[in-house]
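Inspection log for the structure reproduced underneath, given as structure tokens.
The values are calculated or read from the model by the stated rules, or taken from the named source; none is laboratory data. No experiment lies behind these values; they were computed from the predicted model shown. Every residue, glycine among them, receives a Cβ derived from its backbone with ideal geometry; neighbour counts consider all protein chains shown.
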Amino acid sequence: MESDVVVVGSGVGGATVARELSIRGYKVTIIEKGGYHKLGTARRALNFYSGSLWNFCPGELSKEGTEVLRTIMVGGSSMVTLGNGVRAFQTGFKAMGIDLDKEFDEAEAELGVAPLPERLMGERTRRLREASEEVGYKVKPMPKFVDFDRCRSCGLCVLGCRYGAKWTSQKFLSEARRAGAKILTETSVDEVIHSGGEVKGLKVHKESSGASEINAGNVVLAAGGIGTPIILQKSGLENAGSNLFLDLFVNTYGILNDGHMEEEMGMATVIDELHESQGFILSPILDMFLDMFLYLPLLKKLRAFRRDRTLGLMTKIVDEDVGKVNPDGTLSKPVTESDRKKLSRGEEISKEILLQAGVNPKSLYTTKVRGAHPGGTAGIGRVVNTDQETEVDRLFVSDASIFPKPLGIPPVLTIVAVSKRFSKRLASEYLKVKKAAPETKPSIKR
């Protein structure tokens, strides 16, 4: 194996870095813990979500009981997002000297980001939009990285798109592989090897072939807000793992007395006017049948069979970054008093809108607190610098863990933008120097 850069993780950040470097002529190897999976059904999703049926939820649980949703697979959690392409923390990055204007423009063009068209807004979205506007809130179409002509409005985005309508990082991985990148699947990284303040390689293991070492002169960790800090801590960088945020959310539901509504795309619109002032957004949502059936109390499980009459709104908040990822993979993520106030205020507004839309008042209920898009655990200014480099020379990070603050809105587009900027700087300021030097060929040692 011969590489200029080894990228750990094939999600949004890792795929972007691999693609950007490969098309510039650099040799890249991607290491992915998961594998390829079939998509589109709840049964298949059990193979790649990180939770367990023993916990009655698709996500893994923090010690406080907060459910954390993520996947372990080629493409990472990009495979199960709802395709939301919004710019997050752009002005905050600019204040830190990180100008992403050009990269956001590039990302939006390459992912095909566009507002969801009216023709793809289903009856639920239309009812909730009308009710929201009647009670005084401004509703916007959600920007999506979706090929609207291929979308079947099946409502199964969180199970993976079977029709190839939604952009996922697998598309960037395909471009990287066509440009010469290699990917090692079902391979876990145990730690980064470094000495004298410089990266030397990686210790990895594969169930089928055991442990091995990979020599590498440049390593980019992109294993996500949970995977990356685990590797960093096991590699001796003990300052990683704190400041975990999850963009905590709850879904508030109500059931109409009659009628039948077809499946449709989730989060088709958004109320974001409260994001800056109160720290949350609202967006239409409907959980999968199995998810509903698992989390509903025993006496309310029949509500899962009434999805065709159910209206729902998600409250997604800017949560406090007080969580922790431990080296053994266990999580701590309390829901603080400030978090609960935001969630409660969003729930209150959601109920007002749902009642305006005509649901039965007795049918209102709100889900437990969950979180997705973990980040902050290797933040800029704490674990990495503005070049996204750690205290170990040529050990970099490019995923949601570098975000210095919680976002409270979907992060995919921002991860692409920061990873594009990072890749350009890596190529011009680090790899250019290496390319001018005599080549060394990394190898695997068994």
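Here's the yes/no breakdown for (1) without any contact (Cβ under 8 Å) to a residue 40 or more places away in the chain; (2) under 23 Å from residue 16 (Cα atoms):
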{"residue": "72", "(1), (2)": "yes, yes"}
{"residue": "84", "(1), (2)": "no, yes"}
{"residue": "111", "(1), (2)": "no, yes"}
{"residue": "130", "(1), (2)": "no, no"}
{"residue": "150", "(1), (2)": "yes, no"}
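Identify the residue in region 1-23 that is among the charged types (D, E, K, R) and touching a Phe, Trp or Tyr at 6+ places or on another chain (Cβ under 8 Å) and, among all such residues, is modelled with the lowest pLDDT. My answer is 4. Within region 178-220, the set of residues being among the acidic types (Asp, Glu) and outside any loop (DSSP other than H, G, I, E, B) comprises 190, 191, 198, 213.
Looking only at residues of region 96-139 that are loosely packed, with under 15 Cβ neighbours inside 10 Å and among the basic types (Lys, Arg), we find that the one that is nearest to residue 273 (Cα to Cα) is 138.
The numbered conditions (1) out of contact with any strand residue (DSSP E or B) (no Cβ under 7 Å at 6 or more places or on another chain); (2) closer than 20 Å to residue 225 by Cβ; (3) outside any loop (DSSP other than H, G, I, E, B); (4) of a type in the set (A, V, I, L, M) are all true for residue 18 except (1).
Filter region 236-250 down to the residues that are on the phi > 0 side of the Ramachandran plot and in contact with a His (Cβ under 9 Å, 6 or more places away or on another chain), then identify the one that is surrounded by the most Cβ atoms within 10 Å (Cβ to Cβ). Top of the filtered list is 247. Within region 328-364, the residues that satisfy the criterion of being under 23 Å from residue 69 (Cβ atoms) and either outside any helix (DSSP H, G or I) or of a type in the set (Asp, Glu) (or both) are 328, 329, 330, 331, 332, 333, 334, 335, 336, 339, 347.
If the condition is being more than 21 Å from residue 91 (Cβ to Cβ) and either of a type in the set (Val, Ile, Thr) or part of a strand (DSSP E or B) (or both), then region 391-423 contributes 392, 393, 395, 396, 397. Filter region 165-177 down to the residues that are out of contact with any Ser or Thr (no Cβ under 7 Å at 6 or more places or on another chain) and in a helix (DSSP H, G or I), then identify the one that is surrounded by the fewest Cβ atoms within 10 Å (Cβ to Cβ). My answer is 174. In region 48-61 there is at least one residue matching the filter, namely being under 28 Å from residue 110 (Cα atoms), crowded, with 24+ Cβ neighbours inside 10 Å and in contact with a helix residue (DSSP H, G or I) (Cβ under 8 Å, 6 or more places away or on another chain). If you check 279, 259 for being in contact (Cβ under 8 Å) with a residue 24 or more places away in the chain and closer than 26 Å to residue 406 by Cβ, only one passes: 279.
Is it fair to say residue 245 is closer than 15 Å to residue 369 by Cβ, among the aromatic types (Phe, Trp, Tyr) and either touching a residue at least 24 places away in the same chain (Cβ under 8 Å) or out of contact with any Ser or Thr (no Cβ under 7 Å at 6 or more places or on another chain) (or both)? So residue 245 passes the test.
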